[in-house]
């Protein structure tokens, strides 16, 4: 069970980019993208449209809401403007709207800016074709993987469910990088020939180099377009970067849009806590990622669901514990909190005293039962401190005992 949580959290602890940011990153590695200009007002959108007409010759423009979620077109966040008047009207409609898609929260997300992009579906000698291409890590093999399909522009989940034979994968050995024959194989499986075949091999090679060079967790380009004159371009770009690689890319931190991120996770990051919000009813406060995974499994076995991942690290004084409690209790679905600390470097009695002090400082703010399991250095003293505190804090020694108390608390 634990590997399911590891998979989930490893994909949550990332930094998402807006489409226009993702395209700028791809273009810096030589990937051909649909050109566009970001705008925060309808006046800026019109100015962007005029500039694109001058530089690209396009008279039609695509207006795309910029939020961290897919399925924008289904919610009315992607529209075609056939004139500057259309461009202003559509931009006014989209900017400031609460966009609801299959990937947003129930209340949707507010659109603060749009991408005004060139129309690339122009008529020509052949019909445009849409493909799907993504680059990600295959955790089962430890190799990078390019997943691709001829069914671009559609939900890849639907394609996988209905026509799995139309999804191809190509694994790349990280020590070798993408080879020429692999790029050609992808172009061949997509049914391309001539100029489009050559352009696709170049596109795929550049895309993989961008994935490696930016320390990304995922590139998803849907659709990749073969234009009517056989050019291969990225019409959309979903890019997620690995937080753990940001130290190598100091400039990438400037791309972070905090308004698009979970405010509790933002607050936790600012105080140096590793916190990930989850959909559950039992809050977790743990030291060490491995123990955190085991603790979440423990909660599941007890009939609950983890409300968060929270690693307090090697220090757990009263101030840090109090901050952690306040973060957890911002989630109104939390019915109990499980504190599971292994005292190796940090002494259990100091953690226990921190919990007691934090509890007293917060007063009525703590309105759910707290189960505390402290094992390691001075754990016996810690248990005595908890048991004699007179607070609504239950101590546990064994994993099963903690699970039983969690079950009792949530029921």
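Assorted remarks:
- Against the main long axis of the alpha-carbon atoms of the chain, helix 399-410 sits at an angle near 80°.
- The distance from the alpha carbon centre of the range 118-192 to that of the range 274-309 is 36 Å, rounded to a whole number.
- 311, 364 arranged by Cβ crowding within 10 Å, fewest neighbours leading: 364, 311
- Here residue 270 and residue 125 are evaluated by their C-beta separation; at R0 = 60 Å the FRET efficiency comes out at 0.65.
- Note on the range 69-214: Rg/Rh from Cα positions, Kirkwood definition for Rh, rounded to two decimals, is 1.02.
- Entry for Cα extents along the principal axes in Å (calculated from the structure that is shown) out of (1) 84, 54, 41; (2) 70, 52, 42; (3) 82, 48, 40: (3)
- Expressed per residue, the C-alpha convex hull volume of the range 35-119 stands at 70 Å³.
- Estimated translational diffusion coefficient (Stokes-Einstein, Kirkwood radius over Cα pairs, 4 °C, 1.567 mPa s) of the range 197-238: 119 µm² per second.
- In nm, spacing of pseudo-spin labels at residue 189 and residue 364 (7 Å Cα→C-beta vector): 6.2 nm
- Euclidean distance of C-alpha centroids, the range 53-94 and the range 197-226, integer Å: 24 Å
- Considering only the chain, percent of DSSP beta bridges that pair antiparallel, nearest 5: 70 percent
- Spin-label pair residue 173-residue 53: with each label point 7 Å from Cα along the Cα-Cβ axis, the two points sit 5.4 nm from one another.
- Under the simplified labelling scheme, the residue 391-residue 246 pair shows an inter-label distance of 3.1 nm, with each label point 7 Å from Cα along Cα→Cβ.
- Fewest neighbouring Cβ atoms within 10 Å first, the residues 228, 42 line up as 228, 42.
- The C-alpha atoms of the chain define a longest principal axis, and helix 289-301 lies at about 80 degrees to it.
- Computed from Cα positions, the angle between helix 348-362 and the longest principal axis of the chain comes to roughly 80 degrees.
- With the highest mean first, a sort of the peptides 179-188, 141-150, 65-74 on other beta-carbon atoms found within 10 angstrom per residue produces 65-74, 141-150, 179-188.
- Only DSSP H runs of four or more residues enter the estimate; each adds -39500 (n - 2.57), and after division by the residues of the chain the mean residue ellipticity at 222 nm equals -11500 deg cm²/dmol.
- With contacts taken as Cα pairs under 8 Å at a separation of at least 6 residues, the chain carries a relative contact order of 13 percent.
- Paramagnetic reach from residue 163 in the range 201-228 [backbone N under 17 Å; point 7 Å along Cα→Cβ]: 222-226
- Largest GNM mean-square fluctuation among 273, 218, 391, using the chain with Cα springs under 10 Å: 391.
- Rg/Rh, computed from the Cα trace of the range 241-294 with Rh as the Kirkwood radius, has the value 1.00.
- Gaussian network model of the chain, Cα within-10 Å springs - most flexible of 87, 166, 254: 254
- Amide N of the range 183-201 lying under 19 Å from the label point, which is placed 7 angstrom from the Cα of residue 231 along Cα→Cβ: 193-201
- Residue list for the range 138-165, given a label point 7 angstrom along the Cα-to-Cβ vector of residue 74 and an amide N cut-off under 18 Å: 151-163
- Considering only 115, 225, 385, the Gaussian network model of the chain with Cα springs below 10 Å gives its largest mean-square fluctuation to 385.
- Taking the fewest neighbouring Cβ atoms within 10 Å as the starting point, the ordered list for 383, 82 is 82, 383.
- Shape descriptor for the range 263-410: Rg over Rh equals 0.91 (Cα atoms; Rh from the Kirkwood inverse mean 1/r).
- In this structure, residue 357 and residue 155 have a Cβ-Cβ separation that, at R0 = 45 Å, corresponds to a calculated FRET efficiency of about 0.35.
- Shape metrics for the range 78-151, restricted to C-alpha atoms - Rg then Dmax, Å: 18.0, 52
Values in this text are rule-based calculations from the coordinates and carry no lab data. Keep in mind that what you see is a predicted model, and the values were worked out from it rather than measured. Glycine gets a Cβ as well: all are built from the backbone with ideal geometry, and neighbour counts include every protein chain shown.
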